[in-house]
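Since the structure comes first, as structure tokens, the remarks are kept for the end.
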Amino acid sequence: LSYYPQQLLAILLGLSVSVAFLSLPAKGNGIREGRLPWLDLGLSLLALAATLWIVWGYPTLVTQVFARKPEVFLPGLVMVLLLLEALRRATGWALVIIIAVFLLYALFGNLVPGRLQGRAQNWQVLSGYMALDSNGILGVPMAVAGTVVVSFILFGQLLNTTGGSNFFTDGALLLMGRFRGGAMKIAVLASGLFGSISGSAVSNVVSTGMITIPLMKKAGYRAEVAGATEAVASTGGQLVPPVMGAAAFLMAVTAEVDYSVVVLASLVPAVLYYLALFLQIDLMAGRDHIRGVEGEELPRAGAVMRAGWIFILPFAVLIAGLFSLAWRPEYAALMATLLLVVVLYAFGYQGKRPTSGQFLEALRDTADSVVSILFIAGSAGIVIGALNASGVLFNITEAIIDMGADNLPLLLVISAALCIFLGMGMPTVGVYALLSTLVAAPLVQLHLVDNNPDIILQDGPTPSGTGIDIQFMNNAGTVQA
């Protein structure tokens with residue numbers, strides 16, 4: 001059976017959007033309570049219908065994007081609008097407004113003066129392009145979210161439901177419990193350790209926060225301080241290898257490098273992040289005279305290792321697969337998950353073997369986590385598609401380079417400021433997907449210019465015939481292509 005990858009991605013996106021209307025209320029935050037409104041049920045069914053139409057006719061529809069046929073642009077328009085509404089319910093207005101600006105840019109870019117002027121697109125063509133083209137909603141961000149991210153989140157959720165979070169929390173208790181401010185240091189270390197397997201700030205807070213927040217309050221910290229500490233520590237878990245947030249996988253694809261390269265590059269910022277956090281809470285503990293955890297409240301090291309050594313084996317397989325065996329990230333994650341299931345059934349944890357209910361809970365939690373990520377990935381595809389359709393991406397890249405005055409450190413500072421500003425109101429994946437489209441290219445271009453100061457393009461005959469003669473001048477001589 002042969003199929004287009006975009007057909008599978010469309011199924012994932014359609015199911016996610018449909019679930020969003022069934023579970024997320026139109027107003028307010030959180031999970032729906034009470035009866036399901038007829039409007040939401042209708043929107044859920046409409047999302048499924050549009051998805052099935054796109055999946056069923058994709059081989060033909062994708063070739064007719066520019067024909068402006070109703071059977072092409074109407075399902076596309078429905079999917080774009082429903083995706084934005086589902087995104088609003090899941091993450092709020094900030095990301096939706098930014099995406100709407102890019103869509104307006106694609107429609108009316110010819111009205112923008114100066115070097116940022118774009119090529120205006122017909123709304124019918126743009127609707128079909130966004131829903132069907134591999135540079136739109138069903139593009140690289142969706143492909144990464146639908147394969148790699150799902151595999152790693154499943155691994156983390158299975159560890160969580162079968163006791164992995166307890167093992168890491170006990171380990172943090174042993175390592176940090178005796179020091180001053182021990183409860184807060186336990187929270188930071190436990191969140192960092194669990195974040196290394198979950199890659200999700202929300203899952204991290206829910207899993208470790210149930211233990212660490214009451215522990216911090218018992219030690220004498222105010223409730224708001226305990227909650228803030230857990231939130232900051234859990235957010236940093238996305239930086240800790242080997243399983244990081246979904247943005248890390250987008251980084252690997254966008255930068256066209258192996259995921260293992262991103263993992264190695266993340267070590268320094270992860271260490272600096274938690275080092276700064278540890279220094280801050282140690283000073284707070286000294287100021288407030290907060291001692292460590294009492295000895296009788298600490299677990300025994302031997303008991304912790306005897307019960308939880310099985311959780312170390314999947315990590316060994318995951319790391320070996322990524323760095324030594326050159327496995328694809330999703331394959332390494334699936335192999336680690338399979339080994340985790342085997343050792344849990346063979347040895348159990350704390351005398352208990354996993355139940356079918358725990359596996360179902362892990363699958364449910366994986367689905368809950370993936371749904372919002374798929375929204376954001378699809379929305380990132382809209383931004384990429386709008387920039388490609390308007391033809392303005394190159395102009396934006398040049399404008400950002402001019403803003404940085406061909407100065408790589410200055411451009412890095414500008415990029416960091418944009419990350420901080422956008423990160424205050426947007427999810428991590430959304431911020432990275434947006435900035436990778438706008439800022440990654442200027443950074444790479446400046447890096448190439450710095451390393452290859454003399455690049456000569458000569459249009460004309462080449463030694464092998466006619467075409468473009470590209471000569472890279474460096475210290476070793478000239479390399480001609």
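The values are calculated or read from the model by the stated rules, or taken from the named source; none is laboratory data. Bear in mind that the values here come from a model prediction, so they are computed numbers and not experimental data. FYI the Cβ positions are ideal-geometry reconstructions off the backbone, even for glycines, and counts take in every protein chain you see. When the accessible area is computed, the model is the full protein with side chains, heavy atoms only, and any ligands, DNA or RNA have been set aside. Shrake-Rupley method; radii C 1.70, N 1.55, O 1.52, S 1.80 Å.
The single condition among (1) open to solvent by 40 Å² or more (accessible area, probe 1.4 Å); (2) modelled with pLDDT under 85; (3) touching a Ser or Thr at 6+ places or on another chain (Cβ under 9 Å) that residue 150 does not satisfy is (2). Restricting 206, 268, 253, 261 to residues that are at pLDDT below 85 and over 24 Å from residue 170 (Cα atoms) narrows the list to 253.
Looking at 308, 286, can you tell me which residue is open to solvent by less than 40 Å² (accessible area, probe 1.4 Å) and more than 26 Å from residue 164 (Cβ to Cβ)? Give the derivation first.
Values: 308 fails: more than 26 Å from residue 164 (Cβ to Cβ).
It is 286.
Mind telling me which of the residues 142, 184 ends up being more than 22 Å from residue 247 (Cα to Cα) and crowded, with 24+ Cβ neighbours inside 10 Å?
Working: 142 fails: more than 22 Å from residue 247 (Cα to Cα).
Exactly one residue qualifies, and that residue is 184.
There is at least one residue in the range 344-360 that is crowded, with 22+ Cβ neighbours inside 10 Å, modelled with pLDDT of 90 or more and under 21 Å from residue 196 (Cβ atoms). Among the residues of this structure, residue 265 does not count as one that is in a helix (DSSP H, G or I), among the small types (Gly, Ala, Ser) and touching a residue at least 12 places away in the same chain (Cβ under 8 Å).
Each residue in the range 153-181 was checked for being within 19 Å of the chain's Cα centre (by Cα) and surrounded by fewer than 24 Cβ atoms within 10 Å (Cβ to Cβ), and 1 of them qualify. Confirm whether residue 170 is under 17 Å from residue 311 (Cα atoms) and acidic (Asp, Glu). Against the criterion (under 17 Å from residue 311 (Cα atoms) and acidic (Asp, Glu)), residue 170 qualifies.
All conditions but one from (1) closer than 21 Å to residue 368 by Cβ; (2) open to solvent by 20 Å² or more (accessible area, probe 1.4 Å); (3) modelled with pLDDT of 90 or more apply to residue 90; the one that does not is (3). Selection of first residues in the range 64-92 that are assigned to a helix (DSSP H, G or I) and of second residues that are open to solvent by 60 Å² or more (accessible area, probe 1.4 Å), restricted to Cβ pairs under 7 Å at least 6 apart or on distinct chains, gives the following pairs, ordered by first then second residue: 75/53; 78/46; 82/46.
Of all the listed residues (372, 379, 415), the sole one being within 19 Å of residue 6 (Cβ to Cβ) and hydroxyl-bearing (Ser, Thr, Tyr) is 379.
Would you please list the contacts, defined by Cβ atoms under 9 Å and residues six or more apart or on different chains, that run from a residue in the range 315-326 that is outside any helix (DSSP H, G or I) to a residue that is of a type in the set (D, E, K, R)? Matching pairs, first to second residue: 326/258.
State all residues of the range 190-205 that are surrounded by 24 or more Cβ atoms within 10 Å (Cβ to Cβ) and closer than 17 Å to residue 273 by Cα; if no residue qualifies, say none. Please lay out each step first, then the result.
Let us first name the residues in the range 190-205 that are surrounded by 24 or more Cβ atoms within 10 Å (Cβ to Cβ), namely 190-192, 194-195, 197-200, 203-204.
Hits for the range 190-205 are 190, 191, 192, 194, 195, 199, 200, 204.
A single entry from 250, 267, 272 fulfils the requirement of being exposed (fewer than 14 other Cβ atoms within 10 Å of the Cβ) and either closer than 30 Å to residue 142 by Cα or among the charged types (D, E, K, R) (or both): 267.
The single condition from (1) farther than 22 Å from residue 352 by Cα; (2) open to solvent by 70 Å² or more (accessible area, probe 1.4 Å); (3) at pLDDT 90 or above that residue 326 fails is (3).
From the list 229, 254, the one residue that fits, being farther than 17 Å from residue 432 by Cα and in a helix (DSSP H, G or I), is 229. The condition (being over 30 Å from residue 119 (Cβ atoms), out of contact with any Ser or Thr (no Cβ under 8 Å at 6 or more places or on another chain) and open to solvent by 40 Å² or more (accessible area, probe 1.4 Å)) is satisfied by just one residue among 15, 104, 46, 24: 46.
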